[in-house]
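A.B. asks: The structure under discussion is supplied below as C-alpha cells; questions concerning it will follow.
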Amino acid sequence: MDEKLKEIIPILEKYEQIHLIDFYDELDENAKEDLIKQIKETNLGFLNKLYLNSFKNDIIDSKRISPIRYSSKFNMPKEDREKYIQIGENIIKQGKLAVITLAGGMGSRLGFKGPKGSYELEMPNEEKKKSLFEFICDKLKFANEKYNCCIPWYIMTSPSNDAKTKEYFETHNYFDYPKEKVHFFKQHTIHILDINGKVMLDNIGKLKRDSNGNGDVFQAFRENKLENTLEDIEWISVSGVDNILLEVVDPLFIGLSAHNKSKVASKSVSKKDLTAKTWVFANVDGKTDIINPIFLTDEMRFGREYNQINILAHLFTKEAFFKCSKLEIPYHRAFKKTDYINEEGMKMVVQEPNSFKFEKFIFDVFENFENFTLLEVDESQEFAPIKAFTGMATPERALEMYEKKMKKNQNKK
C-alpha cells in the first residue's frame, strides 16, 4: 500500500470518512497526490464536531427576548430626515464611504450557469439587457456624479465564480466604472456533509466544498489584504447582489447611523405574514440578534414589536468591520440539494435536499456592538430580491417593482 495512503487511513477511520479513498486506485498519480493533499488539509475533527453540535437545540426562552428599537424611513419627521440626509451626504462627498457587494453565488436556481451577479434581465422599453452587477454599478455612478466623488467598490466572489466574474467585468469594460476602484476578493469554502456526517465527493478524486456564507466577508476581506485600500474610508456598506431595488448609497441611512454614533446598522422591512418562519430582529439578553420566531410567544409574534426582517443591507464603521474580522463567527446548518458521487462512483443528480451545508451569517456579529441602528424601509422601494423562477422572488416580480419605483421617482421630479 502507498505509504502516503497509510498515513491518512487512521484519521479517516477515526472520523468514519474512509469512503473518501474508495476510488483511490482508479486515479492517476497526480490525482492520487491531490486527493491525499485535500484530505490532509481537511480538519475532520472540526467537521465532525460541527456536524454533531448542529443537532443540539439552541432554545431561547422568550423571557430573554425583548423588542429592538427601530426608526422608519417613511414615517420620519421631515426635519429629522433632512438632518440625517445632510450628515450622510457630507460623509459621501468627503470620500468616506466604501461599498461591498456579496456575490459569491451562482445563478443555478435561475437556470443560469454563470455567476449570479452576471444574470441579465430584459429591460422593458429598452433594447438591452442589464445584469445584477450593472444595477448596482448604475447606483454607484449616479452617487459619484451627484456627490463629486468616486466610491470604491469591493465584490466578494467565491472560488467557483471568481474567474467568471472578473471575465464578465472585463468583457463589459467594468460598466464604465473606474477599474482601479473595483476590487475583487474570494470568500472561503467549507466541505458539504451528507445527512450521516460523511464528507461528500464532487468527483472520485475531489472533496465537495461550497462557499461558507456571507459572514465570511470580514475574514475574507482581511486575508485578501484589502485593509490598506481603505485609508480614507470611515463607513462600509455591505449588501447582496440580487436586490435590484436596494439603495446601496443611502445618505439618510448613513446620516442616521452617524448621528446615533452607531458602529453597526441594518435596514429592514416589515414582515407581512406574521405566521411565516422568517427570522426577525430582536434583543436577546439585551443584545441585538435575529431570531427564529418559534421562540416568541403568540402575543409577541403577532404584535407589532417583532416584525422587522433582515434584507441583507448593513452598514459598518471601518473600525467595527476590522473588529469583526477577528471574531469567531459560528456556523449555521442548512439542509440543501447537492449532486454527489455514489458508492459506485456515479454522479447522482438529486431533486430533494440530501445534504448539510454550513454557513456563517453577518448578523451573528451584531451582539458585539451596542447602540445598534435599525432602519425600516419601504419594501416597494428597497426590497425586490431575485432568487428563483418560482415563488415571490422572481425576476419578473423584481422588474415590475423596479419599474414602479422608477415611475414613482420620476413623478416626484
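A.B. asks: When the residues of the range 134-166 are narrowed to those that are among the charged types (D, E, K, R) and more than 30 Å from K93 (Cα to Cα), which ends up surrounded by the fewest Cβ atoms within 10 Å (Cβ to Cβ)?
C.D. replies: Residues of the range 134-166 among the charged types (D, E, K, R): 134, 138-139, 141, 145-146, 162, 164, 166.
Add one more test, that the residue is more than 30 Å from K93 (Cα to Cα), and what stays is 162, 164.
On the way: D162: 19, K164: 16.
My answer is K164.
Residue-by-condition table, conditions (1) under 21 Å from W235 (Cα atoms); (2) surrounded by fewer than 13 Cβ atoms within 10 Å (Cβ to Cβ); (3) among the hydrophobic types (A, V, I, L, M, F, W, C); (4) touching a residue at least 60 places away in the same chain (Cβ under 8 Å):
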residue	(1), (2), (3), (4)
F74	no, yes, yes, yes
K78	no, yes, no, no
I85	yes, no, yes, yes
E89	yes, no, no, yes
G95	yes, no, no, yes
G107	no, no, no, no
F112	no, no, yes, no
E120	no, no, no, no
L132	no, no, yes, yes
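A.B. asks: Look at the range 63-90 and say how many of its residues are farther than 21 Å from A143 by Cα, part of a helix (DSSP H, G or I) and under 28 Å from the mean Cα position of the chain (by Cα).
C.D. replies: So the count comes out to 1.
A.B. asks: For the range 52-68, which positions are loosely packed, with under 10 Cβ neighbours inside 10 Å and modelled with pLDDT of 95 or more?
C.D. replies: D61, K63
A.B. asks: Consider I59 carefully, then state whether it is touching a residue at least 24 places away in the same chain (Cβ under 8 Å), within 30 Å of E305 (Cβ to Cβ) and not in a helix (DSSP H, G or I). It would help to see each step written out before you state the result.
C.D. replies: Numbers: touching a residue at least 24 places away in the same chain (Cβ under 8 Å): yes; within 30 Å of E305 (Cβ to Cβ): yes; not in a helix (DSSP H, G or I): yes.
Answer is yes for this residue.
A.B. asks: Still on this model: Restricting to strands (runs of 3 or more DSSP E) lying wholly in the range 244-354: which have 2 or more residues that are closer than 30 Å to E122 by Cβ?
C.D. replies: On the way: elements: 264-270, 280-284, 287-291, 308-317, 331-336.
Per the criteria, 264-270, 308-317.
A.B. asks: Let me ask something else. Take the residues in the range 307-337 that are surrounded by 19 or more Cβ atoms within 10 Å (Cβ to Cβ) and touching a Pro at 6+ places or on another chain (Cβ under 9 Å); name whichever of them is farthest from N214 (Cα to Cα).
C.D. replies: It comes out as I311.
A.B. asks: Only residues that are out of contact with any helix residue (DSSP H, G or I) (no Cβ under 6 Å at 6 or more places or on another chain) and outside any loop (DSSP other than H, G, I, E, B): list them for the range 170-181, please. Even if it seems obvious, please write down each step before you answer.
C.D. replies: Within the range 170-181, the subset out of contact with any helix residue (DSSP H, G or I) (no Cβ under 6 Å at 6 or more places or on another chain) is 170-174, 176, 178-181.
Matches in the range 170-181: E170, T171, N173, Y174, D176, K179, E180, K181.
A.B. asks: Based on this model, can you work out whether D289 counts as buried (at least 16 other Cβ atoms within 10 Å of the Cβ), of a type outside the set (S, T, N, Q) and within 15 Å of N310 (Cβ to Cβ)?
C.D. replies: Working: buried (at least 16 other Cβ atoms within 10 Å of the Cβ): yes; of a type outside the set (S, T, N, Q): yes; within 15 Å of N310 (Cβ to Cβ): yes.
Considered against the rule, which asks whether it is buried (at least 16 other Cβ atoms within 10 Å of the Cβ), of a type outside the set (S, T, N, Q) and within 15 Å of N310 (Cβ to Cβ), D289 comes out as yes.
A.B. asks: Can you pull out the strands (runs of 3 or more DSSP E) entirely within the range 95-169 that have at least 2 residues that are farther than 25 Å from E223 by Cα and assigned by TED's automatic domain parsing to the domain that holds A313? Let's see the steps before the verdict.
C.D. replies: Numbers: elements: 97-102, 120-122, 129-131, 153-157.
Of the strands (runs of 3 or more DSSP E) lying wholly inside the range 95-169, those with at least 2 residues that are farther than 25 Å from E223 by Cα and assigned by TED's automatic domain parsing to the domain that holds A313 span 120-122, 129-131.
The values are calculated or read from the model by the stated rules, or taken from the named source; none is laboratory data. It should be emphasised that the depicted structure is a prediction, and the values quoted were computed from it without experimental measurement. All Cβ positions, glycine included, derive from the backbone under ideal geometry; neighbour counts span all protein chains shown.
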